[in-house]
Each structure stands twice: as C-alpha cells, then as structure tokens.
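The values are calculated or read from the model by the stated rules, or taken from the named source; none is laboratory data. Quick caveat: nothing in here was measured; it's all calculated off a predicted structure. So basically every Cβ, Gly included, is an ideal-geometry build from the backbone, and we count neighbours across all protein chains shown.
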Amino acid sequence: MTKKAITTSLVTPTYNWPEALELLLLSVKKQSLLPNEVIIADDGSGEATTQLINKIKKDFPVPLHHIWHADIKNRKPAIMNKAIASSTSDYIIEIDGDIIMHRDFIKDHVSMIKKGQFLYGSRVNITETYLKTLFTKKQVSFNFFSKGIKNRGRTIRIPLLAYLYQPEDKRSSKLRGCNMSFWKEDFIAVNGFNESLTGWGIDDSEMIQRLINIGIKGKRLKYKGLVYHIYHKEQDKSHIEVNKIIERETTEQGIIFIEKGIDQYL
C-alpha cells in the first residue's frame with residue numbers, strides 16, 4: 001500500500017461546546033490536505049451541537065458524520081469506539097473537540113504514516129483571557145507572534161527536523177490524546193478504548209499502552225502536526241486514580257485485549 005492510497009478519518013470527541021467545535025471544523029476546511037472523512041463522536045450533546053453540524057455540513061469539503069449517544073455521565077471511550085467502528089478509512093487521526101489545527105496538520109500526520117507505528121504530537125495553549133476575542137473573530141490561524149497563546153516554541157514548524165525523532169517502544173509522558181494517530185487495524189487488534197474506565201482521563205494512554213504491548217512503536221511529532229488547544233476549566237478527576245490502576249495493570253501485565261471495547265460495534 002502506498003501512502004497515496006492510504007485513507008484517513010479525522011475523529012474528534014465533543015460534549016456541549018459547539019463554539020469550540022465550530023472553530024475545529026473551520027480549521028478542517030482550511031487544511032492543505034483534507035482527510036477522507038470527519039467523524040464527530042458526540043458524548044450526548046444537546047440540540048445546539050446538532051444544529052451546528054447540520055449547518056456546517058452544507059458546504060463541508062468531505063463527508064461529515066455525527067455519531068451520538070445519550071448523555072449518561074462521561075462515556076468518551078464508548079462514543080469513540082462507536083465512531084471509529086463507523087469509519088471507512090485505513091488510518092485514524094484523533095484530536096479533541098477543543099482543538100484548532102494548523103493548516104498542514106493532516107498533511108503532517110499523513111507524511112509520517114508507517115506500518116507498525118503510531119504518532120503523537122503536542123499542543124499550543126490558547127489562554128483563558130483570549131477566549132472572547134477568539135470566538136468573536138472565529139480565529140483559526142495562529143503563528144509564533146499571535147496574541148493569546150502560551151508555549152510559543154510549539155508553534156514552530158520545521159518539517160525536516162521532525163525526522164530526527166526515532167520510534168520508541170515505551171509510552172511517552174508527552175502523549176496527549178488531543179493529537180495522535182494510528183492504524184485502524186491496530187486499534188481493532190487491541191479492542192479499542194477500554195469502556196471499563198470511569199470518568200475523565202487515561203483512556204488514550206491506556207489504549208496506547210496496549211498498542212505498545214503488541215509491538216507498535218510510538219513516534220513523536222515535533223516541529224510538525226501543530227494544534228492549538230482552547231482553554232477550558234479542568235475536568236472532574238475524581239475517578240482518575242481508579243483509571244490509573246487499570247493503566248498500571250495494562251503496563252505491568254502486558255495486557256493487549258480488553259473485555260469492553262470496539263468489538264461490540266463492528
């Protein structure tokens with residue numbers, strides 16, 4: 001399979017924040033290389049999100065799919081499994097629903113696709129004080145000198161330097177679910193996200209650990225694959241210690257396949 005033949009699905013979770021989702025989708029429209037489809041994994045948002053998606057879908061450049069289930073607390077792993085099960089592509093690019101992509105984001109991920117490997121990148125943070133301006137202007141373009149951002153060093157895109165980073169066989173502490181990609185067949189091989197996890201956090205890193213357990217290597221996207229994260233208050237972390245125990249077991253016991261995963265929807 002050549003890189004030109006590889007099809008990609010951009011998958012993003014969302015929950016009741018259509019203002020952020022709109023900026024994400026506007027940044028998709030500006031991509032120098034479009035994904036083959038965009039799938040919104042909706043963890044029970046209200047009508048405002050549906051209305052936004054239907055409005056944007058009218059002139060969206062690729063198929064835009066809305067996968068929704070009822071709002072029963074935080075069930076992100078389940079809705080992501082449902083969304084990825086519905087995808088028609090070889091390769092999954094995952095971002096969060098509060099992300100604005102650099103115009104070459106999809107191009108950068110596709111340029112680094114390789115068998116036996118997943119990719120992960122970092123993010124630039126948009127400040128809380130800039131939110132009013134951000135949403136009023138519907139701004140989706142940023143650079144090193146832009147107002148309202150932190151971590152300016154992460155805005156630097158030098159594609160040649162990205163190749164200096166070598167594949168790793170251990171899970172990096174820099175892994176973020178807001179910017180990563182993997183083969184759909186690898187995701188299915190480990191049964192996707194673990195729906196036994198409760199509440200916010202750990203679902204991405206626990207799944208990635210299972211990919212590592214079957215021999216898939218991670219490659220850091222540095223100087224490529226830039227994204228901008230819209231500020232929001234921290235999520236409820238009351239269950240995160242329980243999730244960390246599950247993740248630790250996955251790591252220490254070399255677990256590769258979990259009981260409640262994507263196989264329910266295939």
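Quick notes on this structure:
- Scan of segment 74-122 for residues that are modelled with pLDDT of 95 or more, more than 17 Å from ASP42 (Cβ to Cβ) and part of a loop (DSSP other than H, G, I, E, B), ordered by number: THR88, SER89, ASP90, HIS102, ARG103, ASP104, MET112, ILE113, LYS114, LYS115, GLY116
- Apart from one condition, TYR130 fits all of (1) in a loop (DSSP other than H, G, I, E, B); (2) over 17 Å from LYS107 (Cα atoms); the exception is (1).
- Tally, over segment 189-204, of residues that are within 16 Å of ILE95 (Cα to Cα) and acidic (Asp, Glu): 2
- Top-ranked residue in segment 215-266 [being of a type in the set (Gly, Ala, Ser) and surrounded by 16 or more Cβ atoms within 10 Å (Cβ to Cβ); ranked as nearest to THR133 (Cα to Cα)]: GLY225
- Residue within segment 165-180 that is aromatic (Phe, Trp, Tyr), touching a strand residue (DSSP E or B) at 6+ places or on another chain (Cβ under 6 Å) and closer than 25 Å to MET101 by Cβ present: yes
- Selection status of GLU241, outside any helix (DSSP H, G or I) and either closer than 28 Å to LEU26 by Cβ or over 16 Å from the mean Cα position of the chain (by Cα) (or both): no
- LEU34 part of a helix (DSSP H, G or I), within 16 Å of VAL140 (Cβ to Cβ) and either of a type outside the set (S, T, N, Q) or out of contact with any Leu (no Cβ under 7 Å at 6 or more places or on another chain) (or both): no
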